[in-house]
Amino acid sequence: MATVDDVKKLAALSRIELKDAQLQKFTNEFDSILAYVSQLESLELPSAGSEKPQLRNVMRVEGEPHPSGIYTEKIAAQFPAREGDALVVKQIIKHE
Amino acid sequence: MSRFNELTIVRAAQALRTKECTVRELWDACATAAREKNPELNAYLEIFDVDEAAIEAAQKRIEAGDASLLCGIPLALKDNILLEGKVASAASKMLANYRATYDATVVRKLKEAGALFVGRTNMDEFAMGSSTEHSAFGPTKNPRDTSRVPGGSSGGSAAAVAAHLCIAALGSDTGGSIRQPAAYTGLVGLKPTYGAVSRSGLIAMGSSLDQIGPLTKSVEDGRILYEAIRGSDPLDSTTIADGLYSAHVSSAALRIGVPRELIGDGVDEDVKAVFEGVLKKLEEAGHSIVDVALPTSSHALAAYYVIMPAEVSTNLARLDGIRYGHASRGDTLLADYVQSRTEGFGEETLRRIILGTFVLSSGYIDAYYRKADAARELLRSEYNAAFKNCDVIAFPTTPSPAFTFGAKSDPLSMYLEDVYTVTANLTGMPAVSVPMGDVAREGNMLPVGIHFTAPHQGEELLFVAASEVEKTQTA
């Protein structure tokens, strides 16, 4: 059984704030969703170890990098706040 | 002669070459229909202005004898696929003003083929939903019956194609988001093998499940669009090379596997009857129907609703109001994140993020996420075993035809919409929905689809099976 407090904690972990009415609604819905997905508990899995996938290098080989700065303006144009090409964020270390 | 916007890709390409119409006339037919009908249907979130240079270039290529069938063809793009310089919002307030800084690989390929883009289509926010009711910009209506949903999450793309507001469209499919809307609007919808089509430039939902694919008016169109967008891509390390999986030899007669135990009480009687009728016609055409057992399938939806939200909560963590997207400011940096996310995301997105956070949290990850992952592997081996005795596996795409707005307001009942389609995303196998007939609801005839799954990289088998069904519909 999920409680309002559980959902509140999960929301905080998710960097989300839920209103009281939403919290109650989500808590009720979670119970029915979790009851449904809990049918996985009854699933019997074969005891044999699972097959390990083959590993390969998924990183792109750095051959010819694109010329520096060609995407800067496009990306900086999306910043909520900018100073030149820099992204403006809140100061988190105070100088006293 | 039908209006140009009503043509298939194949017929439009032919019309352009026999000079029945010019690229400009074809564009105008689609764009005019889109502007006329969009206020009612809400299929498009934005209809693009005419791109004279692209039209002129396409016309020249055709006159010079260009072989690309997509040259000069007006297509629609789901709003989670990036087209440089255009807004790509994933139908969310979070990205309402986000402009794509690059082209998705599929868009680059279509541009190279000479295709044109009519607009970006509505969807459930971040592709989460099965009805397009979860769009931050209002629901899309089903052109076959406007009191009903077009399905989702690629509902805007499906409605745009079905109402002839473009020639064909791209959607994305994480748990059925191409195939279910295709079934609800009478179209062909393909989810390719995981890794067949690059996800570079697709706004991520469930990264181990997502694939881009075509929504088209015919099977042949689906093949053309799929061939144009597929292929390995250095920008997506999960794309696969041709021939990674063993080749599938199909003889003229297909062996069609039917998991009877899965097509039980949950399926409407008339949908079952249409399905059985099509199977009978396929048998008469020389194909054989064989029974297959896929016992773990009954747990597939539960596994999906663990794995998918886990990936959603991870993928959507990047949307924090700092670098792009909706940005709200509080007293602290933490408040900036929380306010931006709380204001930017809609309810279904919030629900799935929280659910994902739960199934990944310490103490629950073994019971939920790891168990679901193991179920996924078991499902894959069951399907592989079944494919030793058959070429494709068939069932109805959905248990019922399109439902009315608000009919599935409880989240779990909406999730059950995906009961048949999610398995192909979990196993990574390709699957297609193709129209199999109509059923009556409140005096309206509504389309329903038959769904085929093939082994990995077995798209060709799907096109063969789907063409055979298509023949039964026109005969």
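The values are calculated or read from the model by the stated rules, or taken from the named source; none is laboratory data. Just so it is clear, the structure is predicted and the values come from calculations on it, not from any experiment. With ideal geometry, Cβ positions are generated from the backbone for all residues, glycine too; neighbour counts draw on all protein chains shown.
Inspect the stretch B:377-387 for any residue being basic (K, R), in a helix (DSSP H, G or I), surrounded by fewer than 18 Cβ atoms within 10 Å (Cβ to Cβ) and within 14 Å of another protein chain (Cβ to nearest Cβ) and give the result as yes or no. No; the residues of the stretch B:377-387 include none that is basic (K, R), in a helix (DSSP H, G or I), surrounded by fewer than 18 Cβ atoms within 10 Å (Cβ to Cβ) and within 14 Å of another protein chain (Cβ to nearest Cβ).
Name the residue that is farthest from B:S297 (Cα to Cα), counting only residues in the stretch B:363-376 that are more than 8 Å from every other protein chain (Cβ to nearest Cβ) and either part of a helix (DSSP H, G or I) or of a type in the set (S, T, Y) (or both).
First, pick out the residues of the stretch B:363-376 that are more than 8 Å from every other protein chain (Cβ to nearest Cβ): B:363-366, B:369-370, B:373, B:376.
Still in the running and either part of a helix (DSSP H, G or I) or of a type in the set (S, T, Y) (or both): B:364, B:366, B:369-370, B:373, B:376.
Numbers: B:Y364: 23, B:D366: 21, B:Y369: 17, B:R370: 17, B:D373: 14, B:R376: 10 Å.
Only one residue tops the list, namely B:Y364.
Evaluate the stretch B:391-406: report whether one residue or more is more than 10 Å from every other protein chain (Cβ to nearest Cβ) and surrounded by fewer than 16 Cβ atoms within 10 Å (Cβ to Cβ).
Start the filter on the stretch B:391-406 by keeping residues that are more than 10 Å from every other protein chain (Cβ to nearest Cβ), which leaves B:391-406.
Now drop any that are not surrounded by fewer than 16 Cβ atoms within 10 Å (Cβ to Cβ), which leaves B:404, B:406.
Yes, there is a match, as at least one residue in the stretch B:391-406 is more than 10 Å from every other protein chain (Cβ to nearest Cβ) and surrounded by fewer than 16 Cβ atoms within 10 Å (Cβ to Cβ).
Could you please let me know if B:V106 is in the same structural domain as B:A33 (by TED's automatic domain parsing), farther than 30 Å from B:E442 by Cβ and surrounded by fewer than 22 Cβ atoms within 10 Å (Cβ to Cβ)? No. Test B:Y364 against the stated conditions and say whether it is of a type outside the set (V, I, T), at pLDDT below 95 and buried (at least 22 other Cβ atoms within 10 Å of the Cβ). When the stated conditions are applied, B:Y364 does not pass them.
Take the conditions facing chain A (nearest Cβ under 9 Å) and among the polar types (S, T, N, Q) and apply them to B:T342. Does it pass? Spell out how you get there, then give the answer.
Numbers: facing chain A (nearest Cβ under 9 Å): yes; among the polar types (S, T, N, Q): yes.
Yes: the conditions hold for B:T342.
For the stretch B:345-362, the candidate set comprises residues that are among the hydroxyl-bearing types (S, T, Y) and more than 7 Å from every other protein chain (Cβ to nearest Cβ); within that set, the residue that is nearest to B:S313 (Cα to Cα) is B:T349.
Taking the stretch B:301-339 as the range and being at the interface with chain A (Cβ under 7 Å from one of its Cβ atoms) and in contact (Cβ under 8 Å) with a residue 40 or more places away in the chain as the test, the residues that pass are B:A302, B:A303, B:Y305, B:V306, B:S313, B:Y324.
So, A:L55, is that one farther than 30 Å from B:T239 by Cβ and modelled with pLDDT of 80 or more or not? Explain how you work it out, then say what you get.
On the way: farther than 30 Å from B:T239 by Cβ: no; modelled with pLDDT of 80 or more: yes.
It is false that A:L55 is farther than 30 Å from B:T239 by Cβ and modelled with pLDDT of 80 or more.
Going residue by residue through the stretch B:52-63, is there one that turns out to be under 26 Å from the mean Cα position of the chain (by Cα) and not small (G, A, S)? Give the derivation first.
Of all residues in the stretch B:52-63, those under 26 Å from the mean Cα position of the chain (by Cα) come to none.
No, there is no match, as no residue in the stretch B:52-63 is under 26 Å from the mean Cα position of the chain (by Cα) and not small (G, A, S).
Counting only helices (runs of 4 or more DSSP H) that fall entirely inside chain A and contain at least 2 residues that are more than 8 Å from chain B (Cβ to nearest Cβ) and aliphatic (A, V, I, L, M), the qualifying elements are A:4-13, A:20-37. Among the conditions (1) modelled with pLDDT of 95 or more; (2) farther than 20 Å from B:C71 by Cα; (3) assigned to a loop (DSSP other than H, G, I, E, B), the only one that B:H248 does not satisfy is (1).
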